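Engineer: First the structure, then my questions, so here it is.
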Amino acid sequence: MRLGSVNFEKRGRIALLTLDEPHKLNALSVGMRQGITEGLAKIEADDEIRVGILTGSGEKAFCAGADISGFSFEPERVRKYLAEALSVLQAPERCSKPLIAAVNGYAYGGGFEIAIACDFVIASDRAKLGVPEIQIGLLPGFAVVRLHEIVGRAKAKEMSMLGEPLGAEEACRLGIVLKVVPHEKLLDEAFAFAGRIAAKPRLAVAMAKSFYNRGLGGDEMRYAMDAFPFLFMHEDAREGITAFREKRKPKFKD
């Protein structure tokens, strides 16, 4: 079943969401955001589904982040875009059922954030993960309120300030990734792990997710939503996004 730019497939008690715009490296386009939202809603509503898996189509990318090809700098449109994007990035946390990100390639920016919003990340040995937004004068809107809880404040600052990607093994060492597997076995491993969870008592599994995710959201997300429009409208961000579109190195003026 096609939901926006996402393929939805149900295999017994496990649902598979495949981000399917490989020609755009599965970037978070309007269709992709729609598909993720609708796919997670279907997982939530179907009592037969116990676990969901998210992965990317193609050999290169899980999700390469925001689709900024048509980005606007108008204040109200920036605020609307951020509110919608942060809502999508939070959606895996809000889903009551366990979700596994099967990261098959690049997981950058919003793609990285979708992955860490899932309950578990299983990565291909080819995967690269990171928050490169600083390269265009921005910061990751969701990861800035989550990443330090996973890797610690100093490493989160380093990742956000340098924007350099991590290999799968390094991401595993830092606790971002649960397990690294051979690329060709990624979905098999994800389904095997999902099956083990699906075999456990549904209520206890749901309560475990709820307990461990308690306190997520709230004031820090509201702060991000209020603060980030100012960063997007700064001259350096405009230059960074424009340079990215024009495939040239940005000339920041600070």
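Engineer: As an exercise: evaluate GLU113 against (1) open to solvent by less than 10 Å² (accessible area, probe 1.4 Å); (2) touching a helix residue (DSSP H, G or I) at 6+ places or on another chain (Cβ under 6 Å); (3) not in a helix (DSSP H, G or I) and give the number of the one condition it does not meet.
Structural biologist: In the conditions (1) open to solvent by less than 10 Å² (accessible area, probe 1.4 Å); (2) touching a helix residue (DSSP H, G or I) at 6+ places or on another chain (Cβ under 6 Å); (3) not in a helix (DSSP H, G or I), GLU113 misses (3) alone.
Engineer: Here's a follow-up. Any residue in the stretch 68-89 that is within 27 Å of GLY167 (Cα to Cα), surrounded by 19 or more Cβ atoms within 10 Å (Cβ to Cβ) and over 13 Å from the mean Cα position of the chain (by Cα)?
Structural biologist: No, every residue in the stretch 68-89 fails to be within 27 Å of GLY167 (Cα to Cα), surrounded by 19 or more Cβ atoms within 10 Å (Cβ to Cβ) and over 13 Å from the mean Cα position of the chain (by Cα).
Engineer: If I go through the stretch 238-254 residue by residue, how many of them are touching a helix residue (DSSP H, G or I) at 6+ places or on another chain (Cβ under 6 Å) and within 15 Å of ILE68 (Cβ to Cβ)?
Structural biologist: 4
Listed here are the residues, each with its yes/no results for (1) without any contact (Cβ under 8 Å) to a residue 24 or more places away in the chain; (2) touching a strand residue (DSSP E or B) at 6+ places or on another chain (Cβ under 8 Å).
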residue	(1), (2)
SER5	no, yes
ALA45	yes, no
GLY58	no, no
PHE73	no, no
ARG77	yes, no
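Engineer: Six or more apart or on different chains, Cβ under 7 Å: which pairs go from a residue in the stretch 122-145 that's without any contact (Cβ under 8 Å) to a residue 60 or more places away in the chain to one that's of a type in the set (S, T, N, Q) and open to solvent by less than 30 Å² (accessible area, probe 1.4 Å)? Could you list them?
Structural biologist: Between residues of the stretch 122-145 that are without any contact (Cβ under 8 Å) to a residue 60 or more places away in the chain and residues that are of a type in the set (S, T, N, Q) and open to solvent by less than 30 Å² (accessible area, probe 1.4 Å), the close pairs are VAL131/SER160; ILE134/SER160; PRO140/SER160.
Engineer: Tally time: how many residues in the stretch 3-40 are assigned to a loop (DSSP other than H, G, I, E, B), closer than 20 Å to SER124 by Cα and out of contact with any Cys (no Cβ under 6 Å at 6 or more places or on another chain)?
Structural biologist: 4
Engineer: Here's a follow-up. Which residues, counting only those in the stretch 229-247, are closer than 15 Å to ARG79 by Cβ, under 24 Å from the mean Cα position of the chain (by Cα) and not aromatic (Phe, Trp, Tyr)? Spell out the reasoning first.
Structural biologist: Step one: filter the stretch 229-247 for residues closer than 15 Å to ARG79 by Cβ, giving 229-234, 237.
Narrowing the set further to residues that are under 24 Å from the mean Cα position of the chain (by Cα) leaves 229-233, 237.
Residues satisfying the conditions are PRO229, LEU231, MET233, ALA237.
Engineer: Look through the stretch 116-148, keep the residues that are within 16 Å of VAL177 (Cα to Cα) and under 11 Å from the mean Cα position of the chain (by Cα), and return whichever of them is surrounded by the most Cβ atoms within 10 Å (Cβ to Cβ).
Structural biologist: Across the stretch 116-148, the extreme among qualifying residues is VAL131.
Engineer: How about the stretch 120-140: which of its residues are farther than 22 Å from SER57 by Cβ and either part of a loop (DSSP other than H, G, I, E, B) or among the β-branched types (Val, Ile, Thr) (or both)?
Structural biologist: As a first pass, look at the stretch 120-140 and keep what is farther than 22 Å from SER57 by Cβ: 131, 133-140.
Passing the criteria: VAL131, ILE134, ILE136, GLY137, LEU138, LEU139, PRO140.
Engineer: In contact with a Ser or Thr (Cβ under 9 Å, 6 or more places away or on another chain) and at pLDDT below 90: which single residue out of ARG245, ARG214 fits that description? Working first, answer last.
Structural biologist: Numbers: ARG214 fails: in contact with a Ser or Thr (Cβ under 9 Å, 6 or more places away or on another chain).
Answer to the selection: ARG245.
Engineer: Here's a follow-up. Scanning the stretch 41-84 for residues that are part of a helix (DSSP H, G or I) and closer than 22 Å to LYS24 by Cα, which turns out modelled with the lowest pLDDT? Quick ask: steps written out before the conclusion?
Structural biologist: First, the residues of the stretch 41-84 that are part of a helix (DSSP H, G or I): 41-45, 75-84.
Filter once more, keeping what is closer than 22 Å to LYS24 by Cα: 78, 81-82, 84.
Numbers: VAL78: 76, TYR81: 79, LEU82: 80, GLU84: 86.
Checking each candidate, the answer is VAL78.
Engineer: Restricting to the stretch 136-166, give me the number of residues that are of a type in the set (S, T, N, Q) and within 19 Å of VAL78 (Cβ to Cβ).
Structural biologist: Keep residues of the stretch 136-166 that are of a type in the set (S, T, N, Q), which gives 160.
Narrowing the set further to residues that are within 19 Å of VAL78 (Cβ to Cβ) leaves none.
The number of residues fulfilling the criteria is 0.
Engineer: From the list ALA156, ALA194, pick out the single residue that is under 24 Å from LYS10 (Cα atoms) and out of contact with any Phe, Trp or Tyr (no Cβ under 8 Å at 6 or more places or on another chain).
Structural biologist: Numbers: ALA156 fails: under 24 Å from LYS10 (Cα atoms).
Of ALA156, ALA194, the one residue that is under 24 Å from LYS10 (Cα atoms) and out of contact with any Phe, Trp or Tyr (no Cβ under 8 Å at 6 or more places or on another chain) is ALA194.
Engineer: Ok, one more. Looking only at residues that are in contact with a Phe, Trp or Tyr (Cβ under 7 Å, 6 or more places away or on another chain) and open to solvent by less than 10 Å² (accessible area, probe 1.4 Å) in the stretch 20-52, which one is nearest to LYS97 (Cα to Cα)? Write out each step before concluding.
Structural biologist: First, the residues of the stretch 20-52 that are in contact with a Phe, Trp or Tyr (Cβ under 7 Å, 6 or more places away or on another chain): 25-26, 39, 42.
Filter once more, so that each one left must be open to solvent by less than 10 Å² (accessible area, probe 1.4 Å): 26, 39.
Numbers: ASN26: 24, GLY39: 13 Å.
The qualifying residue nearest to LYS97 (Cα to Cα) is GLY39.
The values are calculated or read from the model by the stated rules, or taken from the named source; none is laboratory data. Since the structure is predicted, the reported quantities are computational estimates derived from the model, not experimental observations. Counting neighbours? That spans all protein chains shown, and the Cβs are built from the backbone with ideal geometry, glycine included. Side chains included, ligands, DNA and RNA excluded: accessible areas come from the protein's heavy atoms. Shrake-Rupley method; radii C 1.70, N 1.55, O 1.52, S 1.80 Å.
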